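The values are calculated or read from the model by the stated rules, or taken from the named source; none is laboratory data. A quick note: this is a predicted structure, and the numbers were derived from the prediction, not measured. Cβ placement follows ideal geometry from the backbone for every residue including glycine, while neighbour counts extend to all protein chains displayed. Please note that ligands, DNA and RNA were not included when accessible areas were found on the heavy atoms of the full protein model with its side chains. Shrake-Rupley method; radii C 1.70, N 1.55, O 1.52, S 1.80 Å.
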Amino acid sequence: MGSHPAIAQLRQKFCYQVAFVLTDGFTQYEQISLEMEEGSLPKSFYENIKKLDAVSTDSFFFEAFWSYLQKEYNKCKDNIHKLCHVQWKQDILKEDQVLDYLLVPFQNASDEIWNFIMDEVNSMQCEEGIPEFCKALSLYYRSRDNDVIIEGLLAFMRKFPNYRAPNELLGYTYYNMAMWNNAIACFERVQQEYYFFHEDIYWMLAWSNGKIKNYADEEKYYRMSYQLAPDIPFTLNNLGYSLYKQKKYLEAKELFGQCLYANKDLPYAANNYVRVLIALGRNADAKKFVNSKKFKIAKAIQERVKRLDDHNVRLNKKDLSVKSDTIIESDSDTADLFGITSSEDEIKRCQQLSNEMQLEDKTKYQRFSNERSPLEGEINHQQHPNERQLESKTNHHQPLNERQLEATAKHRQPSKEVQLEDEVKHQRFSNERSLEGEIKHSQPLNERQLEATAKHRQFSKEKLLEEELTARIESGMQVFGKHLKVYKRKGEYGRQYNIPVGRLDLLCEDANGNLYVVELKKDSGYDDVYEQITQYLAWFEQSEKFKGKKVYGIICLNHPTQELLSKVHADKRIRIFEYQISYTEL
């Protein structure tokens with residue numbers, strides 16, 4: 001091995017991969033075993049670092065990272081300095097560099113290391129916005145308040161909209177706050193991935209669209225995720241359930257049957273298989289399947305099946321053909337039980353489809369690759385295998401919360417959802433792996449706990465007022481005397497809408513396409529709200545994007561001052577409303 005002509009490049013590649021494995025998923029380094037046993041990963045990492053040329057590309061990074069893991073902080077800082085001012089002395093520091101070599105590897109570092117990194121970055125030639133980017137990422141890794149994180153990321157993105165990573169982090173924060181439309185908008189804007197793999201983003205887009213009952217897009221994104229990574233648990237089951245919700249019962253039946261044959265996504269796929277048989281009127285088949293006892297079926301479903309008659313609705317031959325693009329081979333007995341087509345031609349077609357979809361997708365894309373394919377509707381997963389992470393050392397398909405986002409991750413996990421039945425499994429990025437169900441986030445605020453004692457009938461936080469108003473608009477209720485919709489386009493959503501001059505609480509539109517900038521305040525202690533909303537209106541009136549649109553302002557607060565009322569009444573573009581919270585005994 002030592003005489004291999006490309007040994008230096010191989011050692012460097014190996015060290016890259018190990019650094020990726022140890023930092024992937026935002027793990028806490030103190031939880032990593034660094035025992036230097038013969039043949040262990042840390043031992044191999046250390047040995048290969050020592051055999052690299054002392055001035056070779058990235059040797060300073062490897063030494064800095066290893067010193068950090070060993071808690072030799074002075075040596076770590078010395079090598080970071082060499083990395084910045086020796087190796088990169090002629091470079092302009094860019095987003096990928098600062099993420100790959102500084103922010104991600106040292107994300108769990110103490111303030112001593114982080115402050116040192118910030119000083120080094122500030123002393124270098126940088127792409128515009130890099131120092132501010134470092135501050136935004138520091139806030140993201142360290143803050144335990146999601147609202148503070150969102151404000152920090154949005155403020156950075158207003159000044160530097162072309163950075164890629166903040167969109168992913170913002171989308172993931174919204175996703176874990178169950179703000180589904182905001183998460184969708186962020187992930188739709190991702191053109192090149194950094195933190196997440198393509199299949200992860202598609203999976204989150206699918207789940208989020210399902211939560212807002214956009215089943216067509218839910219289906220589309222589950223298919224895209226499955227095409228890239230068919231081994232992700234519960235994708236096939238969730239895709240089947242999306243089809244079931246759209247009453248595409250035969251296609252859903254096919255997918256659930258495949259899950260059962262492969263013994264995957266259980267017990268959810270088994271329960272769903274019975275559900276779809278019932279929906280098809282195949283009562284006798286449902287009884288046969290449940291009575292076979294090959295799979296564990298929920299008691300409620302078993303009782304439901306017992307009450308059914310023994311009749312099977314007749315299905316047309318043309319309706320029985322396989323319509324799914326995600327097929328696996330099955331033997332005749334299994335095909336008979338699950339209702340999967342098993343002709344020789346069909347099996348050959350299944351094999352061909354399976355091979356085509358899985359050809360390039362056995363390994364994982366790694367963060368240190370110089371080529372990052374754009375996240376487009378067409379899947380093109382063609383990174384070289386050597387530029388992907390070592391699958392033997394890390395599990396690519398572990399939920400990201402199981403590769404935790406630093407110590408703050410526990411404050412950014414998805415809300416626990418009410419367990420209904422077993423239709424859909426929420427596997428991605430959730431330690432709880434809770435099932436799909438309604439969540440409190442989408443209920444009107446008066447059905448949730450209010451801090452009713454705060455300032456007598458006032459919302460304790462503007463965010464609560466924002467949630468209440470958004471819920472009313474999205475449910476189709478009339479607000480402010482109008483039927484409005486939250487502004488929504490691909491990659492855009494009107495709640496917490498970001499424009500260069502600030503963040504709007506809500507951007508809405510009416511049936512005629514007129515826009516409404518809604519500014520919410522929980523009480524009267526905001527004397528600048530008029531100046532704030534007029535600044536927003538001025539930006540829209542000058543924007544090329546919204547040219548020709550009529551734009552109006554709405555201020556909603558509690559106990560407005562007379563001065564504010566006078567300003568608003570003199571401006572025909574703006575209306576003001578006072579909210580009230582009342583409790584009526586029945």
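Per residue, the solvent-accessible area of the stretch 143-234 (1.4 Å probe, heavy atoms of protein chains only, all protein chains present) comes to 27 Å².
Could you sort 294-301, 60-67, 145-152 so that the peptide with the highest average Cβ count within 10 Å comes first and the rest follow in order? Write out the running numbers ahead of the final one.
Numbers: 294-301: 14.8, 60-67: 23.1, 145-152: 16.9.
By packing density, highest mean first, the sequence is 60-67, 145-152, 294-301.
Taking amide H positions as modeled 1.01 Å from N, with prolines and chain starts lacking one, the residues under 5 Å from G553 and 5 or more places away or on another chain are V517, I574, R575.
If the convex hull of the alpha-carbon atoms of the stretch 46-170 is projected onto planes in all directions, what is the mean projected area in square nanometres?
If I average the Cα hull's projected area over directions, I get 7.8 nm².
The Kirkwood hydrodynamic radius of the stretch 230-317, based on inverse pair distances between different Cα atoms, is 13.0 Å. The largest-to-smallest principal axis extents of the Cα set in the stretch 462-586 are 50, 34, 23 Å. For E474, the shell of other residues with beta-carbons less than 13 Å away shows a net charge of +3, using +1 for Lys and Arg and -1 for Asp and Glu.
Among 204-212, 514-522, how do they line up from the highest to the lowest mean number of other beta-carbon atoms within 10 Å? Before the final figure, lay out each step's value.
On the way: 204-212: 24.0, 514-522: 22.0.
Highest mean packing first, the order is 204-212, 514-522.
Pairs spanning more than 24 Å between alpha-carbon atoms, out of K213/K485; K94/K490; K213/K547: K94/K490; K213/K547. Solvent-accessible area of T534, all protein chains in place: 30 Å² (probe radius 1.4 Å, heavy atoms, ligands and nucleic acids excluded). Using a cutoff of 8 angstrom between alpha carbon atoms and counting only pairs six or more residues apart, the relative contact order for the stretch 41-189 works out to 14 percent.
Annotation: average projected area of the stretch 125-209 is 5.4 square nanometres, based on the convex hull of Cα atoms across all directions.
Once you have the Cα-Cα distance between L586 and Q302, take 0.36 nm times their residue separation minus that, and quote the gain in nm to one decimal. Could the numbers behind the result be given before it?
Numbers: separation 284, 0.36 × 284 = 102.24 nm, distance 4.08 nm.
Full extension of this stretch gives 98.2 nm more.
Ordering E132, E199 by accessible surface, largest first, gives E132, E199; the 1.4 Å probe counts only protein heavy atoms, with every chain in place. The percentage of C-alpha pairs in the stretch 98-171 whose separation is greater than 14 Å is 59%.
Using only the heavy atoms of the protein chains and a 1.4 Å probe, how would M118, M179 rank by accessible area, largest first? Please report the intermediate quantities before stating the final value.
Values: M118 25, M179 5 Å².
Order by accessible area, largest first: M118, M179.
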